[in-house]
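Chemist: Please read through the structure below; I'll follow up with questions.
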Amino acid sequence: MLIVHVHIHVKREFLEAFRAATIENASQSVKEPGIARFDFLEQADDPTRFVLVEVYRNAEAPARHKETAHYAKWRDTVTDMMVEPRTSVKFGNVFPDEPGW
């Protein structure tokens, strides 16, 4: 398993458009065979900050995800909505360490 936390800071005037575009991307992403989970989180004390939690079944799945039409559409739609470029941190799960989780 590979878990990626993507941190995003959005310009206030684009909040609704960003949410809509990201929900559409997440809705399509969870259908990909290499994605076990795809969460879209909004920071409780700052509605302009978001985290995507992407849980991939293997190391190859992120590259396949970035080749999809829905990812390309999301990327191109939201780039100018951001205060700064998004950042990501990669994690490996310690527990549970079960295939298929």
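Every number in this text was worked out from the coordinates using simple rules, so none of it is lab data. Predicted model only: the values in this text are computed from it and were never measured. For neighbour counting, all protein chains shown are included, and Cβ atoms are generated from backbone atoms with ideal geometry for every residue, glycine included.
Chemist: Can you say whether ILE23 is loosely packed, with under 15 Cβ neighbours inside 10 Å and under 13 Å from the mean Cα position of the chain (by Cα), as far as the supplied structure shows?
Modeler: Working: loosely packed, with under 15 Cβ neighbours inside 10 Å: yes; under 13 Å from the mean Cα position of the chain (by Cα): yes.
Criteria met by ILE23.
Chemist: Quick one: which of GLU16, GLU24 is part of a helix (DSSP H, G or I) and over 30 Å from PRO96 (Cα atoms)? First the steps, then the outcome.
Modeler: Values: GLU24 fails: over 30 Å from PRO96 (Cα atoms).
Checking each option against the conditions leaves just GLU16.
Chemist: Can I ask one more? Could you check the stretch 57-76 and list, in sequence order, the residues that are surrounded by 17 or more Cβ atoms within 10 Å (Cβ to Cβ) and touching a Gly at 6+ places or on another chain (Cβ under 6 Å)?
Modeler: ARG57, ALA61 - these are the residues of the stretch 57-76 that are surrounded by 17 or more Cβ atoms within 10 Å (Cβ to Cβ) and touching a Gly at 6+ places or on another chain (Cβ under 6 Å).
Chemist: Here is a further query. All but one of (1) in contact (Cβ under 8 Å) with a residue 60 or more places away in the chain; (2) part of a helix (DSSP H, G or I); (3) of a type outside the set (Gly, Ala, Ser) hold for VAL4; state the number of the condition that does not hold.
Modeler: Going through (1) in contact (Cβ under 8 Å) with a residue 60 or more places away in the chain; (2) part of a helix (DSSP H, G or I); (3) of a type outside the set (Gly, Ala, Ser) one by one, VAL4 breaks only (2).
Chemist: Identify the residue in the stretch 31-44 that is closer than 15 Å to LEU15 by Cβ and assigned to a loop (DSSP other than H, G, I, E, B) and, among all such residues, is farthest from the chain's Cα centre (by Cα). Give the derivation first.
Modeler: Let us first name the residues in the stretch 31-44 that are closer than 15 Å to LEU15 by Cβ, namely 40-44.
Going one step further and asking which of them are assigned to a loop (DSSP other than H, G, I, E, B), we end up with 43-44.
Numbers: GLN43: 14, ALA44: 18 Å.
So the residue we want is ALA44.
Chemist: Spot the failing condition for ALA61; the list is (1) of a type outside the set (Asp, Glu); (2) within 25 Å of ASP97 (Cβ to Cβ); (3) under 11 Å from the mean Cα position of the chain (by Cα), and only one is missed.
Modeler: (3)
Chemist: Do you know which residues across the stretch 45-58 are assigned to a loop (DSSP other than H, G, I, E, B), in contact with a strand residue (DSSP E or B) (Cβ under 9 Å, 6 or more places away or on another chain) and either under 18 Å from ASP97 (Cβ atoms) or free of Cβ contacts under 8 Å to residues at least 24 places away in the same chain (or both)?
Modeler: Pass one, the stretch 45-58, residues assigned to a loop (DSSP other than H, G, I, E, B): 45-48, 57-58.
Subsequent filtering for residues that are in contact with a strand residue (DSSP E or B) (Cβ under 9 Å, 6 or more places away or on another chain) retains 46-48, 57-58.
Passing the criteria: ASP46, ARG57, ASN58.
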